[in-house]
Amino acid sequence: MSEFRSGFATFVGRPNVGKSTLTNALVGEKIAITSSKPQTTRRAIRGIVNTENAQIILVDTPGLHRPRTLLGQRLNHLVENTLGEVDVIGLCIPANEKIGPGDAFINEQIGAYRRAKLVALVTKSETVSRDALAKQLVAVSELREWAAIIPVSAVSGEQLDELKEVLGSLLPVSKALYPTDMATEETLEERICELIREASLEDSREELPHSLAVTIDEMGKREDSNIFDIHANLWVERDSQKAIVIGKGGSRLKQIGSEARLRSKSS
């Protein structure tokens with residue numbers, strides 16, 4: 001029997017290459033929010049994957065990119081701090097997009113983190129033909145020498161078990177760092193805030209995502225019920241953005257509440 005391994009891994013890549021979706025698929029439940037808008041992830045979130053021979057702690061981070069704003073610089077700094085501490089870095093490149101300058105930039109950046117083993121993940125493999133996937137795998141292989149190159153689909157589940165096996169094998173020999181029944185170190189309140197923020201980002205204007213925060217004033221379980229009553233605040237940067245969140249007659253705010261409840265049931 002092989003020695004048990006435990007450690008930290010993170011996925012990097014351009015915004016919207018499927019890092020958070022892949023993290024959720026591996027953990028088996030929703031611990032990181034997803035959105036079609038870039039830079040949805042704002043902080044490092046840890047998800048825990050347990051296998052027979054390993055415990056993989058996945059650190060979900062914002063997308064690494066060439067920053068154009070102060071927020072972008074701060075998010076990049078968060079990613080860079082994470083990269084310096086993990087055991088495995090997985091560069092995510094979607095199967096349905098050609099390798100571009102952004103991918104080359106990130107590939108160059110991760111080469112500086114000599115502590116970590118580097119793997120390449122060709123995400124969204126379900127979106128292309130076998131021939132197209134093969135060509136993308138060859139293109140990725142030419143970027144550098146990788147510890148492994150794995151095509152994977154968070155949607156169909158293809159190659160997820162193999163990815164777990166590969167990530168686990170690259171971690172240091174160690175006992176489990178977290179209880180094996182734990183999926184994340186995020187608190188219930190933190191997860192609820194993120195679900196509300198996720199619902200708020202959808203169908204909103206472009207300027208909203210980078211200036212929206214959610215806090216909870218009060219939360220309590222109804223008597224003789226599994227339903228929680230939650231009083232949350234949505235914070236925006238400018239008064240002009242309030243109307244985006246509230247909507248005409250409070251319609252958008254009601255929609256956010258409904259969508260957040262639906263997302264909580266699927267997580």
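The values are calculated or read from the model by the stated rules, or taken from the named source; none is laboratory data. The structure displayed is predicted, hence computed values, not measured ones. Heads up, the Cβs are rebuilt from the backbone with ideal geometry, glycines too, and the neighbour counts pull from every protein chain shown.
Only one of (1) more than 14 Å from the chain's Cα centre (by Cα); (2) modelled with pLDDT of 65 or more; (3) of a type in the set (G, A, S) fails for A25. Which number is that?
Answer for A25: the failing condition is (1).
Scan the range 220-232 residue by residue and report those that are under 17 Å from S258 (Cα atoms) and modelled with pLDDT of 80 or more.
Once the filter is applied, which keeps residues that are under 17 Å from S258 (Cα atoms) and modelled with pLDDT of 80 or more, the range 220-232 yields D229, I230, H231, A232.
Of all residues in the range 143-199, count the ones that are of a type in the set (S, T, Y), under 18 Å from I56 (Cβ atoms) and out of contact with any Gly (no Cβ under 8 Å at 6 or more places or on another chain).
Initially, the range 143-199 is screened for residues of a type in the set (S, T, Y), giving 153, 156, 169, 174, 178, 180, 184, 187.
With the extra rule that they be under 18 Å from I56 (Cβ atoms), the set shrinks to 169, 174, 178, 180, 184.
Going one step further and asking which of them are out of contact with any Gly (no Cβ under 8 Å at 6 or more places or on another chain), we end up with 169, 178, 180.
The qualifying residues number 3.
Please tell me if A116 is in the same structural domain as T21 (by TED's automatic domain parsing), within 22 Å of the chain's Cα centre (by Cα) and closer than 20 Å to R46 by Cβ. Reasoning before the result, please.
On the way: in the same structural domain as T21 (by TED's automatic domain parsing): yes; within 22 Å of the chain's Cα centre (by Cα): yes; closer than 20 Å to R46 by Cβ: yes.
When the stated conditions are applied, A116 passes them.
Which of the residues belonging to the range 117-133 are surrounded by 14 or more Cβ atoms within 10 Å (Cβ to Cβ) and without any contact (Cβ under 8 Å) to a residue 60 or more places away in the chain?
Step one: of the range 117-133, the residues surrounded by 14 or more Cβ atoms within 10 Å (Cβ to Cβ) are 117-128, 133.
Matches in the range 117-133: K117, L118, V119, A120, V122, S125, E126, T127, V128, L133.
Among (1) closer than 19 Å to L167 by Cα; (2) modelled with pLDDT of 65 or more, where does M1 come up short?
(2)
List, please: which pairs have Cβ atoms under 9 Å, are six or more places apart or on different chains, and start with a residue in the range 155-182 that is over 20 Å from R130 (Cα atoms) and end with one that is part of a helix (DSSP H, G or I)?
From residues that are over 20 Å from R130 (Cα atoms), the pairs are K164/L26; L167/L26.
Taking the condition within 16 Å of I196 (Cβ to Cβ), touching a residue at least 40 places away in the same chain (Cβ under 8 Å) and in contact with a Lys or Arg (Cβ under 9 Å, 6 or more places away or on another chain), does I244 pass? Reasoning before the result, please.
Details: within 16 Å of I196 (Cβ to Cβ): yes; touching a residue at least 40 places away in the same chain (Cβ under 8 Å): yes; in contact with a Lys or Arg (Cβ under 9 Å, 6 or more places away or on another chain): yes.
Yes; evaluated as a whole, the condition is true for this residue.
Within the range 146-160, can one find any residue that is surrounded by 15 or more Cβ atoms within 10 Å (Cβ to Cβ) and in a helix (DSSP H, G or I)?
There is at least one residue in the range 146-160 that is surrounded by 15 or more Cβ atoms within 10 Å (Cβ to Cβ) and in a helix (DSSP H, G or I).
If V86 meets every condition in (1) farther than 22 Å from Q55 by Cα; (2) crowded, with 20+ Cβ neighbours inside 10 Å apart from one, which number is that one?
That leaves (1) as the condition not met.
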